[in-house]
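The structure under discussion appears below in the form of structure tokens.
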Amino acid sequence: MIDIHIERKAFAASGRAGAHTAIAGLELHLAEHEFVCLVGPSGCGKTTLLNLIAGLDRDFEGHIRFHKAARPRLGYVFQEPRLLPWRTVRENLALALPADVEPALLDELLEIAGLTAFQHTYPTRLSLGMNRRVALVRAFAVRPDLLLMDEPFVSLDAPTAVRMRRLLRDLWQHRPHTVLFVTHDLREALELGDRIVFLSPPPTRVIREMTLPPHPRGPDTLERLYHRIRGD
Amino acid sequence: MIDIHIERKAFAASGRAGAHTAIAGLELHLAEHEFVCLVGPSGCGKTTLLNLIAGLDRDFEGHIRFHKAARPRLGYVFQEPRLLPWRTVRENLALALPADVEPALLDELLEIAGLTAFQHTYPTRLSLGMNRRVALVRAFAVRPDLLLMDEPFVSLDAPTAVRMRRLLRDLWQHRPHTVLFVTHDLREALELGDRIVFLSPPPTRVIREMTLPPHPRGPDTLERLYHRIRGD
Amino acid sequence: GSRDITVGALAYGTFNWELTVIEREGLDRRQGFRLKIRKLANPQAGRIGLQGGSVDLIVTNWLWVARQRSGGYDFTAVPYSLTHGALIVPPKSPIHTLADLKGKRIGVAGSPLYENWILLKTLARRQHGLDLEQDARPVFGAPPLLNQQLRQGRLDALLNYWHYAARLEAAGYRRLLDGGDLLTRLGITPPVPTLSYVFRERWAADRRDTVTAFLRAAYGAKDAICGDRRVWRYVAPLTGSTDPKIQATLRQRYCQGRLRHWGAPERKAAARLYALLHEAGGDALTGPAAALPRGTFWADFVLPR
Amino acid sequence: MQRLIVPLSLLSLMLLWQGLAAWLASPLLPSPWQVFGRLGNEAAGGELLHHLAVTLRRLGISFVTAMLLGCALGILMGRHPLLDRWFDSWLTVFLNIPALVTIILCYVWFGLTETAAILAVVVNKLPNVAVTLREGSRHLDTGLLEMAQVYRFGRWKTLRHVVWPQLYPFVVTAARTGLALIWKIILVVELLGRSDGMGYQLHLFFQLFDVTGILAYTVAFVIVIQLIEWTVLQPLDRFANRWRR
Amino acid sequence: MQRLIVPLSLLSLMLLWQGLAAWLASPLLPSPWQVFGRLGNEAAGGELLHHLAVTLRRLGISFVTAMLLGCALGILMGRHPLLDRWFDSWLTVFLNIPALVTIILCYVWFGLTETAAILAVVVNKLPNVAVTLREGSRHLDTGLLEMAQVYRFGRWKTLRHVVWPQLYPFVVTAARTGLALIWKIILVVELLGRSDGMGYQLHLFFQLFDVTGILAYTVAFVIVIQLIEWTVLQPLDRFANRWRR
Ligand SMILES: Nc1ncnc2c1ncn2[C@@H]1O[C@H](COP(=O)(O)OP(=O)(O)OP(=O)(O)O)[C@@H](O)[C@H]1O
Ligand SMILES: Nc1ncnc2c1ncn2[C@@H]1O[C@H](COP(=O)(O)OP(=O)(O)OP(=O)(O)O)[C@@H](O)[C@H]1O
Ligand SMILES: [Mg+2]
Ligand SMILES: [Mg+2]
């Protein structure tokens, strides 16, 4: 689906800080309908990479090529919720909804996220975890071709996180799309992904890729994989 | 150290949403030098509770009593970093530092947090995880009597998180202070806390308390405890 | 040309008295023209209107006409009135001659380009060797504000426009001298007016009859105001004052200022006045021309009988 | 208690004024009673209402025009650095041309007409609005703009739902100080070339040094603005900020 | 390319002016050459510089005073709802008293003095600053304020490091539109009761209908303001926004 080759992504010098090379010589290929997890140290450039793929930042050397002609429709769960504070939950979702998605989907997703009672509330009156769930619902609701997720399940309590992970897998199985999923939680990556990509500290490259056995994976398989990785 | 009794904490009705009772009849006692973990569903009122304890919100029925006469010195790791974007990392820390703490402590903490190279950078030029680390350093640096932490280790990669947890325990052992620690990660709570307090969905009360065996706890003990709790 | 004349007038000015009388008494119909009045709040507004062609005729100082003519405009003037501004002192003021002005605070209406101020300076220098700019303390400001300052005792003497001066006189203040006295003492006789009806020469050339008819009506109105009690009764409120004493003083000054003669001697006196002001005030006041530009006064004007 | 503050504050303002007037005991500061009495008379005579209506009409038209154009220009300049650099000096120039100059030029070119008057006010006010909104749109939240881009809000939706609410405080500032500024300019505009309106009337009072009249007209205008504040601006404020915690 | 924009923009403004002047061919819109020629003459004569200096002195003093007091009042009102409610109407009143009225009253009470002139300007400008800063301080980031409270920043540190940077865009707006407004008011102030300064001089030109003179003085002032923009405001802008990404 996408070929990513980032020769160099640097941030301009500013103030006392000199120019800072965040990514250098990163190569990544995402296949159609693949679920790739991205793991790497804090500050290594994961968010930067997602922004490049989303087309939010075009100031880099290299290329990002989509196989299909048109840019894919995006869902992006940012690292912060990024909701419009002056619009209610429902309005925030409705604004992002493309014309070809029927609003009934929203009701369903809100129900699963446990937000039905809060759909007419402003984000400023909700907890951070609730805001993050709204952002999740928004990304799911647009029926994306490419779903970028930057630590989406952080700040969710365990049962909700389980529910959201299940929802993600269901949606993904039901309507094939490519997912690029940033997480610091190895267990989560092992549970969800088809492949895990490990990034180095900056200047960032891919240091290791690991293709996972096919789903479903039992708890024992996961534990085994987890310890194998941690063992290195 | 503190007796907390919150008869009722409600948020005023506004817009289409009616008045919302977040906490009702919550009772909590923190002993001197105790490390208490707070676990509860997203949106149950954990942040609200921390704000009440911090004195940021005085609009509630009930009381919060400190045993010592004066209000304890606070360290508060908010759920978001809450750094001043127009001040560098160093300046942000220096501003919060009380007069009786020597600035050399900052260097040490910044080193452990892996931020030494970034101390003269503005928070807007750092990743979210790095911002969170700065907020952590700030809370540690003030040498608080009472440390409130709202999911402090979220968004940190595994090695950094391990390092920060160790730092927290070291500081805590070195200079006794009370910690109230909100987390969704049961493993983390088991590893760090003296006691875990479980909260109900709103209107929120304490549904269960669990005193943990003394430190150090080996990985096996933790796994056993984890499965015991999940097993309920 | 058409028989309409749009006239711009200050709402509480004496010109407005005349226009009201022309309208009420139907003098315009009788003389065969149609009068349209635009009331304005500020003297500058009239000039702007005349420049932009929004009004055809206003009353203003002919020095301005002379200056504009040097700049290529074809404005021209017809004498309006002989009333001049005056130098006023408080009732018990120790100032009795110009020499007493030494070291005093003198309020001057508008700006240092006020022609009476220039004449006063010239006279003081010639008669007493006083340089009022240096030896006295002139204060320039808005006329009503200056009146107030004099009443508050913040000024020792005030050179103001005639209708402001008249108000002070009605309140018992003393007139030390007025613009007419200044001219006489500087040797400019016979009396010449400064206020004039002003319009465009080319505009007037197209409708000489209408303009003449208007001027005849206006002069008729002057006589009516001064001679007819019935007329004065409805003109009096137009003074903007309800105080009969002020009204009477204003009427008296207005009527004293009626023009009796307009001929070669007057034109010559005007030219001398121009030359004197040009010498004393420089290009700023009169424009660059050293002598009164030809056509400053409308050649076709004869004082109506 | 809360509800009493506004009346109490107004009352105290009156008392302050009354006290000052009593203390000075000068015709130059008439007491509120005199001024309100005069206001009543003038209003009863219909004169005041006529002039007020005329001025408010001019104010309304030029306010709306200046706000619309100024907001558009300001937002464009705030978002497009090239445009900003290009028009920056122009803005400085137009911001600092004395009102007098534009007014005279407008009148001279377009005659002593209503259009000229309104144009003069707009030219004077527009750069102010533009400067205010430019400052506002320079500091928009990048995160939200990126979100709008990812979710393909398009130009109009982004403007309406993302940009505008952030500009709101600046718009309010521009509106509040704008009404006041226009009022100041309109007085000069009316003074120099109209035969009606508050400015015309105020200047006549000034020539007669009728401070009571001046204050009566001022009070009339202030009352209108205060009513606009209470019935339009403040409810709008509450509505626009309903989401704040 | 970037560096060329400003000169190009200024040049095009000149050309526009020149074109308009050539097209109208009227003494009421002199060409830039005439105006700059006149500017040179007046500057060489020393007159212009004298009046400019006088006006800038008045402008400086009243600007600083109005900004300081206005910021203080605005911030207080923005942060304390009770104070806001109390002074809200007062602000509306003072915002909408015509410049003429305050100027006259100041002159009448304090005489035609320098103090009266500066006071009149301050009284006119202050409510504008206050309204702008009130709007700014109503919308402060609660999260950061809470942080400051928890970490015991105290009043002064909070003001300086937390509140002030957030108010910055509003302060800039108040300063930019403020210079322009003060300039407009100072012209009237000088016109009504001072014997020097740009306003006094402009009034003379106005009486003589000397548009070239008016524009020459206007241009002189605009140049000063543009220099202030380039040497003070814009570097300050860059400095204050150095943290933005
Ligand atoms: N300012 C507010 N106005 C109205 N309701 C609020 C406000 N702040 C919080 N709430 C409500 O109070 C409840 C508790 O919020 P709180 O932020 O304390 O949750 P939390 O336990 O911290 O959740 P999370 O784990 O998601 O952070 C939520 O249901 C929220 O809707
Ligand atoms: N706008 C910016 N200007 C300068 N440097 C930046 C900017 N944004 C990010 N960086 C730098 O680029 C690096 C990568 O940042 P990025 O946000 O992509 O990290 P990340 O992998 O998402 O980290 P985290 O897990 O903490 O979110 C960081 O070192 C950061 O300092
Ligand atoms: Mg990131
Ligand atoms: Mg929370």
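The values are calculated or read from the model by the stated rules, or taken from the named source; none is laboratory data. No experiment lies behind these values; they were computed from the predicted model shown. Cβ coordinates were reconstructed from backbone atoms using ideal geometry, including for glycine residues, and neighbour counts include every protein chain displayed. For the accessible areas, the whole protein counts, side chains as well, though only heavy atoms, and no ligand, DNA or RNA atoms are used. Shrake-Rupley method; radii C 1.70, N 1.55, O 1.52, S 1.80 Å.
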Find the residue count for segment C:1-40, including only residues that are within 14 Å of chain D (Cβ to nearest Cβ), under 17 Å from residue C:223 (Cβ atoms) and of a type in the set (Ser, Thr, Tyr).
1
Residue D:149 meets each of (1) within 14 Å of chain C (Cβ to nearest Cβ); (2) surrounded by fewer than 21 Cβ atoms within 10 Å (Cβ to Cβ); (3) not small (Gly, Ala, Ser) with one exception, condition (1)
Condition first: under 19 Å from the mean Cα position of the chain (by Cα) and farther than 25 Å from residue C:272 by Cβ. Now tell me which residues in segment C:161-188 satisfy that.
C:163, C:164, C:166, C:167, C:168, C:169
Answer residue from segment A:101-147, given it is without any contact (Cβ under 8 Å) to a residue 40 or more places away in the chain, surrounded by fewer than 19 Cβ atoms within 10 Å (Cβ to Cβ) and aliphatic (A, V, I, L, M) and is nearest to residue A:160 (Cα to Cα) among those
A:117
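Every residue, every condition in (1) open to solvent by 10 Å² or more (accessible area, probe 1.4 Å); (2) assigned to a loop (DSSP other than H, G, I, E, B); (3) under 16 Å from residue C:196 (Cα atoms); (4) in contact with an Asp or Glu (Cβ under 6 Å, 6 or more places away or on another chain), yes or no:
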| position | (1), (2), (3), (4) |
| --- | --- |
| C:7 | no, no, yes, no |
| C:18 | no, no, yes, no |
| C:30 | yes, no, no, no |
| C:35 | yes, no, no, yes |
| C:38 | yes, no, no, no |
| C:44 | yes, no, yes, no |
| C:76 | no, no, yes, yes |
When you go through A:55, A:25 one by one, which is the residue that is over 22 Å from residue A:152 (Cα atoms) and more than 14 Å from ligand 2 (Cβ to nearest atom)?
A:25
Any idea how many residues of segment E:151-179 are in contact with a Ser or Thr (Cβ under 7 Å, 6 or more places away or on another chain) and of a type in the set (Lys, Arg)?
0
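Can you give me the ranges of the helices (runs of 4 or more DSSP H) entirely in segment B:21-125 with at least 2 residues that are within 16 Å of ligand 1 (Cβ to nearest atom)?
Once the helices (runs of 4 or more DSSP H) in segment B:21-125 are filtered for at least 2 residues that are within 16 Å of ligand 1 (Cβ to nearest atom), what remains is B:46-54.
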Listed residues B:119, B:79; which is within 16 Å of ligand 2 (Cβ to nearest atom), within 13 Å of another protein chain (Cβ to nearest Cβ) and more than 19 Å from the chain's Cα centre (by Cα)?
B:119
Using beta carbons and a limit of 7 Å, which pairs, at least six apart or on different chains, have the first residue in segment B:38-58 and within 28 Å of residue A:113 (Cα to Cα) and open to solvent by 30 Å² or more (accessible area, probe 1.4 Å) and the second one more than 9 Å from ligand 4 (Cβ to nearest atom) and among the β-branched types (Val, Ile, Thr)?
B:41/A:160
Tally the residues that are facing chain C (nearest Cβ under 8 Å) and buried (at least 24 other Cβ atoms within 10 Å of the Cβ), restricting the search to segment D:204-215.
1
Could you figure out which of (1) open to solvent by less than 20 Å² (accessible area, probe 1.4 Å); (2) of a type in the set (Val, Ile, Thr); (3) more than 9 Å from every other protein chain (Cβ to nearest Cβ) isn't true of residue D:103?
(3)
Going through segment D:206-227 in order, the residues found to be under 26 Å from residue C:51 (Cα atoms) and among the aromatic types (Phe, Trp, Tyr) are D:206
Please work out which one of (1) surrounded by 12 or more Cβ atoms within 10 Å (Cβ to Cβ); (2) at pLDDT below 90; (3) more than 27 Å from residue C:149 (Cα to Cα) is the condition residue D:29 fails and give its number.
(3)
Would you please name the residue that is farthest from the chain's Cα centre (by Cα), looking only at residues in segment B:175-187 that are more than 16 Å from residue B:75 (Cα to Cα) and free of Cβ contacts under 8 Å to residues at least 60 places away in the same chain?
B:187
Only residues that are open to solvent by 60 Å² or more (accessible area, probe 1.4 Å) and in contact with a strand residue (DSSP E or B) (Cβ under 8 Å, 6 or more places away or on another chain): list them for segment C:241-280, please.
C:267
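Going by the structure shown, is residue B:90 surrounded by fewer than 22 Cβ atoms within 10 Å (Cβ to Cβ) and among the basic types (Lys, Arg)?
Yes.
Considering each of C:50, C:87 in turn, give the residue that is out of contact with any Phe, Trp or Tyr (no Cβ under 8 Å at 6 or more places or on another chain), touching a residue at least 24 places away in the same chain (Cβ under 8 Å) and open to solvent by less than 10 Å² (accessible area, probe 1.4 Å). Steps first, please.
Details: C:50 fails: out of contact with any Phe, Trp or Tyr (no Cβ under 8 Å at 6 or more places or on another chain).
Answer to the check: C:87.
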When you scan segment B:151-232 for helices (runs of 4 or more DSSP H) that lie fully inside it, which ones turn up with 3 or more residues that are open to solvent by less than 40 Å² (accessible area, probe 1.4 Å) and within 16 Å of ligand 2 (Cβ to nearest atom)?
B:158-174
Helices (runs of 4 or more DSSP H) completely within segment D:1-83 that count 3 or more residues being of a type in the set (S, T, N, Q)
D:2-24, D:47-79
Residues satisfying the stated conditions in segment A:40-98, i.e. in contact with a Leu (Cβ under 8 Å, 6 or more places away or on another chain), among the aromatic types (Phe, Trp, Tyr) and at pLDDT below 95:
A:60
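Give segment E:107-124 a look and list any residue that's open to solvent by less than 10 Å² (accessible area, probe 1.4 Å), closer than 24 Å to residue C:152 by Cα and under 21 Å from the mean Cα position of the chain (by Cα), or say none.
Those that are open to solvent by less than 10 Å² (accessible area, probe 1.4 Å), closer than 24 Å to residue C:152 by Cα and under 21 Å from the mean Cα position of the chain (by Cα): E:116, E:117, E:120, E:121.
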Of the conditions (1) within 30 Å of residue D:107 (Cβ to Cβ); (2) touching a residue at least 24 places away in the same chain (Cβ under 8 Å), residue E:26 satisfies every one except a single condition; which number is it?
(2)
